[in-house]
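Following: one structure in C-alpha cells, then a few remarks.
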Amino acid sequence: MKNTAKQLLSALAFAAISNVAIAADHTVKMLNNGADGLMVFEPGFIRAEPGDTVTFVATDAGHNTASVVVPDGATAWNGAMGEEVTITLDKEGVYVYQCTPHLVMAMVGVIQVGSAVNKADAEAAASTLTSTMAMNQDRLAGYLSQIQ
C-alpha cells in the first residue's frame, strides 16, 4: 500500500513538473510594417495553450498592446507606449487586442487559448472595432477565421 501511494505521488509530481516545462512563450512583434502590411502585430494570430505566455515586443517605436476581449476570469492588460508586456494565458478562450493609437489602421491581433469558449463575444467586439477602422477592415475577420 505504501509503495502505491509513493508511486502515485511521484506520478503527480512528475505531471505537475511536465506541465510547467511544456508551457510555451510566444513572441509578438509590434511593427510599423510586416507580412500583413502596415501597422501590425506579427504574428497577428496565435494558437496557444493554458499556461503559455505571450511577450509583446516593441520592435518599432510608437506602439502599445491593450486587450479588447478576454475570456471570463482572465486578466485584461493595457501596456504603455513602447512597453514590452508579458501576459500569462491562464483561461481558455479568445483574446483580442489592439494598438490603441493605430486601431484606425487595424493594428489588432487574436490569440486562441485552448477551446474558443467566448468566440461569439470576440466576433461581436470585432464588428464594433472594424467600424472604427479606416483601412485593412478585413484584417481582424481574417484572424478570427483561423479560430478552430
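The values are calculated or read from the model by the stated rules, or taken from the named source; none is laboratory data. As the structure is a prediction and not an experimental result, all values here were calculated from the model. Neighbour counts are summed over all protein chains in view; Cβ atoms, including those assigned to glycine, are modelled from backbone coordinates with ideal geometry. We work out accessible area using only protein heavy atoms, side chains counted, and drop any ligands, DNA or RNA first. Shrake-Rupley method; radii C 1.70, N 1.55, O 1.52, S 1.80 Å.
Just a few scattered comments:
- Reported label for calculated P(r) over Cα pairs in 5 Å bins from 0, in percent given (i) 2, 8, 10, 10, 6, 5, 5, 6, 7, 7, 6, 5, 5, 4, 4, 3, 3, 3, 2, 1, 0; (ii) 2, 10, 19, 20, 18, 11, 5, 4, 4, 3, 2, 1, 1, 0; (iii) 2, 9, 16, 17, 14, 10, 8, 7, 6, 5, 4, 2, 1, 0: (ii)
- Converting phi to 3J(HN,Hα) with the Karplus coefficients 6.51, -1.76 and 1.60 and the offset θ = phi - 60°, the stretch 22-27 yields 8, 4, 9, 10, 9, 10 Hz in sequence order, with x at every glycine or proline.
- When +1 charges are put on Lys and Arg Cβ atoms and -1 charges on Asp and Glu Cβ atoms, the dipole computed for the stretch 30-124 relative to its Cα centre reaches about 120 debye.
- Of A124, A58, A48, the one that fluctuates the most in a GNM where the chain has Cα springs shorter than 10 Å: A124
- Heavy-atom accessible area per residue - the chain, 1.4 Å, Å²: 53 Å²
- Near L144: Cβ cut-off under 11 Å, other residues only, Lys/Arg at +1 and Asp/Glu at -1. The net charge is 0.
- Global geometry of the stretch 74-148, whether rounded, prolate or oblate, following the gyration tensor of its Cα atoms and the 1.5 cut on a/c: oblate
- In the chain, the portion of solvent-accessible area held by carbon and sulfur atoms comes to 56 percent [1.4 Å probe, whole percent, DNA, RNA and ligands not counted].
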